[in-house]
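Each remark here refers to the structure printed beneath this line.
The values are calculated or read from the model by the stated rules, or taken from the named source; none is laboratory data. Computed from a prediction, not measured in an experiment: that's the story for all the values here. Positions of Cβ are generated from backbone atoms using ideal geometry, with glycine treated the same way; all protein chains shown enter the neighbour counts. Surface areas here come from the heavy atoms of the whole protein model, side chains and all, with no ligands, DNA or RNA. Shrake-Rupley method; radii C 1.70, N 1.55, O 1.52, S 1.80 Å.
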Amino acid sequence: MQATPETTARQHWMGVLARAHADQPSREQLNRHEAALRDTDYQMIRAPEIGMTLVRGRMGGTGSAFNLGEMSVTRCVVRLADGRTGYSYLAGRDKRHAELAALADAHLQGAQQAWWLCELIEPLARAQAERRARKDAEAAATKVEFFTLVRGED
């Protein structure tokens, strides 16, 4: 089954919002928009709540699945006055972040989607990509190449 462009776009922004608390610049970017996100009538369908989820892994990314362990997750569901419903699921125990992410998801489904993408999602995605690139560069700097010398046998 092929995902629609709308579904793919929503998956992208929900992922960006879920990762927004991971570093200080992203957290500040989300906080800057808090007043605009909350500046609407909305109700909590599911107030932010913390739970646990089982994390599964695969050896080499393709092997048999195994239970890696559990992790904390926070989820929230809000409904704006016009009926748009926003969801969030994120790693960790940050209820405020979960509520803001759900509000952002609801706003992104409306007529001002382009504005929210430009002002919130794109800057967050850029900051996350830069952070990931820095971490990748740090890890690459520690990479060790091993090789084996073969003795010639006559």
Task: Given (1) open to solvent by less than 40 Å² (accessible area, probe 1.4 Å); (2) over 14 Å from LEU124 (Cβ atoms), index of the condition LEU90 fails - done: (2)
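Tell me yes or no: at least one residue of segment 79-87 is part of a strand (DSSP E or B), surrounded by fewer than 16 Cβ atoms within 10 Å (Cβ to Cβ) and of a type in the set (Val, Ile, Thr).
yes
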Open item on the list: Just to be sure I understand, how many residues within segment 18-53 are at pLDDT 95 or above, open to solvent by 40 Å² or more (accessible area, probe 1.4 Å), in contact with a Lys or Arg (Cβ under 7 Å, 6 or more places away or on another chain) and within 30 Å of GLY69 (Cβ to Cβ)?
Closed with: 4
TODO: Report, ordered by the first and then the second residue, all pairs with beta carbons closer than 7 Å, sequence separation of six or more or different chains, a first member in segment 112-126 that is closer than 18 Å to ALA20 by Cα, and a second member that is part of a helix (DSSP H, G or I) and β-branched (Val, Ile, Thr).
DONE: ILE121/VAL16; LEU124/VAL16; ALA125/VAL16
Open item on the list: The conditions are (1) among the aliphatic types (A, V, I, L, M); (2) part of a loop (DSSP other than H, G, I, E, B); (3) under 26 Å from LYS135 (Cβ atoms), and ALA3 fails exactly one of them. Which is it?
Closed with: (3)
- [ ] Determine which member of the set GLY15, GLY69 is open to solvent by less than 40 Å² (accessible area, probe 1.4 Å) and part of a helix (DSSP H, G or I).
- [x] GLY15
- [ ] Given the conditions (1) within 22 Å of ASP41 (Cα to Cα); (2) without any contact (Cβ under 8 Å) to a residue 24 or more places away in the chain; (3) buried (at least 16 other Cβ atoms within 10 Å of the Cβ); (4) among the hydrophobic types (A, V, I, L, M, F, W, C), report the number of the one that ALA106 does not fulfil.
- [x] (2)
Open item on the list: Report every pair of residues separated by at least 6 positions or lying on different chains whose Cβ atoms are under 9 Å apart, first residue within segment 34-54 and closer than 18 Å to LEU108 by Cα and touching a residue at least 40 places away in the same chain (Cβ under 8 Å), second exposed (fewer than 12 other Cβ atoms within 10 Å of the Cβ) and hydrophobic (A, V, I, L, M, F, W, C).
Closed with: THR40/ALA81; ASP41/ALA81; TYR42/ALA81
- [ ] Name the single residue, out of those in segment 88-108 being part of a helix (DSSP H, G or I) and among the small types (Gly, Ala, Ser), that is farthest from VAL16 (Cα to Cα).
- [x] ALA106
- [ ] Give just the number: which of (1) open to solvent by 20 Å² or more (accessible area, probe 1.4 Å); (2) more than 21 Å from ALA35 (Cβ to Cβ); (3) not in a helix (DSSP H, G or I); (4) not charged (D, E, K, R) does ALA111 not satisfy?
- [x] (2)
TODO: Please indicate, with yes or no, whether at least one residue in segment 127-144 is of a type in the set (A, V, I, L, M, F, W, C), modelled with pLDDT of 95 or more, over 20 Å from MET44 (Cβ atoms) and part of a helix (DSSP H, G or I).
DONE: no
